[in-house]
Amino acid sequence: MAQAAGGLTPNQAQVTGHLRQANAPLTAYQVLGRMQAERGAVAPPTVYRALKGLQDAGLIRRIETLRAWAPAATVSPGVVVICDDCGTVRSMQAPDVLESLHLCLAAEGFAKARQTIEVHGRCGGCAADQT
Ligand SMILES: [Zn+2]
């Protein structure tokens with residue numbers, strides 16, 4: 001499928017739109033459902049290809065523990081914090097944690113480590129609602 005340099009395919013643009021509108025990460029199945037609601041029949045591989053292309057371009061990020069996707073603007077490198085009550089996802093900078101982890105890995109001789117740290121819990125807003 002042709003793709004303009006630096007541009008998105010129509011499918012990628014639509015998938016990105018759904019992920020941006022959602023206030024929590026969406027699974028591929030949820031993205032498929034929203035696209036089908038909008039356009040009628042959409043085959044699952046269409047959604048998977050669009051997600052893969054967007055991930056390769058660094059525009060979206062997979063939240064491994066949720067098996068869901070979020071726009072990369074919402075989730076930047078660092079520690080991903082996920083509220084199990086309201087579903088919001090944000091990233092938190094924790095340079096000391098990552099540095100400490102990489103020092104331990106280097107001491108083990110573990111090379112080219114890529115880490116994904118995802119923390120589940122309750123965000124400040126939801127914790128405040130709890131009485
Ligand atoms: Zn919350």
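Some values worked out for this structure:
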| item | result |
| --- | --- |
| Filtered residues of the range 110-131 (kept if aliphatic (A, V, I, L, M) and near the ligand (Cβ under 9 Å from one of its atoms)) | ALA127 |
| Of the criteria (1) surrounded by fewer than 16 Cβ atoms within 10 Å (Cβ to Cβ); (2) among the hydroxyl-bearing types (Ser, Thr, Tyr); (3) within 16 Å of the ligand (Cβ to nearest atom), which one SER100 fails | (3) |
| Qualifying residue in the range 68-90 (condition: in contact with a helix residue (DSSP H, G or I) (Cβ under 7 Å, 6 or more places away or on another chain), free of Cβ contacts under 8 Å to residues at least 12 places away in the same chain and under 26 Å from GLY7 (Cα atoms)) | no |
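Let's see how each residue does on (1) at pLDDT 90 or above; (2) more than 27 Å from TYR48 (Cβ to Cβ):
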residue: ALA68; (1), (2): yes, no
residue: ASP84; (1), (2): yes, no
residue: ARG90; (1), (2): no, no
residue: GLN93; (1), (2): no, yes
residue: ALA127; (1), (2): yes, yes
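The values are calculated or read from the model by the stated rules, or taken from the named source; none is laboratory data. Computed from a predicted model, the values in this text were never measured in an experiment. In this analysis, Cβ positions are derived from the backbone assuming ideal geometry, glycine residues included, and neighbour counts consider all displayed protein chains.
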